[in-house]
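Below: the structure, in structure tokens.
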Amino acid sequence: MSNLAKHLAPTVHQDNQHASDHQFHRMDPEYYSSDEDSVHQELESYGITARRVYHNASVPVLYEQALKHERGTALTCTGALVAFSGQKTGRSPKDKRIVSEETSKDDIWFGPVNIPLSEDSFMVNRERAVDYLNTREQLYVFDGYAGWDPKYRIKIRVVSTRAYHALFMRNIFGFFTYMWIIS
């Protein structure tokens, strides 16, 4: 296991004090989580706390949250959600950074698109991101997968601060769900 992987592993608390100190707000009418405390506890193990967590929220819930909490969102006449993403819109391919570490550095083509980032710089940015997430009243967690072929598929988790980001993740990545195909 690389040093980076060790830093990204969840923190295991020896006492359960952190769980009892945090209120999960299951009685809050806006609370939504598909599997109760487990998502909160997993996020807390990474240092992320939030009053509300919307875990794998349905499309209607994400629409409602976006319309309620995000300035500039609206529905089109066809039912699509329109969102204003702020001053910076579109892709930023020159902002892509990949941690250069022993186990993968020889497998990545570093250059003007895949810019190397040191493990220390990653940890500083990770800490800043966790600090920012902890200032938000609610978070949206999407569990899905990248890659359609099960042989190459990898599980992913995206934690976002905006409902329309979680909705985009549902559209772009595979969503863990049970599907029956009847022929």
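None of the figures in this text is laboratory data; all of them are computed from the coordinates on show. The structure presented is a predicted model; accordingly, all values stated were derived computationally and were not measured. Cβ atoms come from the backbone with ideal geometry, glycine included; neighbour counts cover every protein chain shown.
The table that follows gives values for the structure above.
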| quantity | calculated |
| --- | --- |
| Exposure proxy order (Cβ contacts within 10 Å, fewest to most) of Glu119, Glu44 | Glu119, Glu44 |
| Ser104-Val59 pseudo-label distance in nm [points 7 Å out on the Cα-to-Cβ vector] | 3.1 |
| Gain upon complete extension [Glu137, Asp95; 0.36 nm per residue less C-alpha separation] | 12.4 nm |
| Percent of C-alpha pairs per 10 Å bin, segment 91-171, short to long | 15, 31, 44, 10, 0 |
| Label-to-label distance, nm, for residues given as Ile115 and Arg71 (7 Å Cα→Cβ offset) | 2.9 |
| Cα-based reach from Lys88 at 28 Å (exclusive), listing lysines while leaving out same-chain residues under 8 positions away | Lys68, Lys96 |
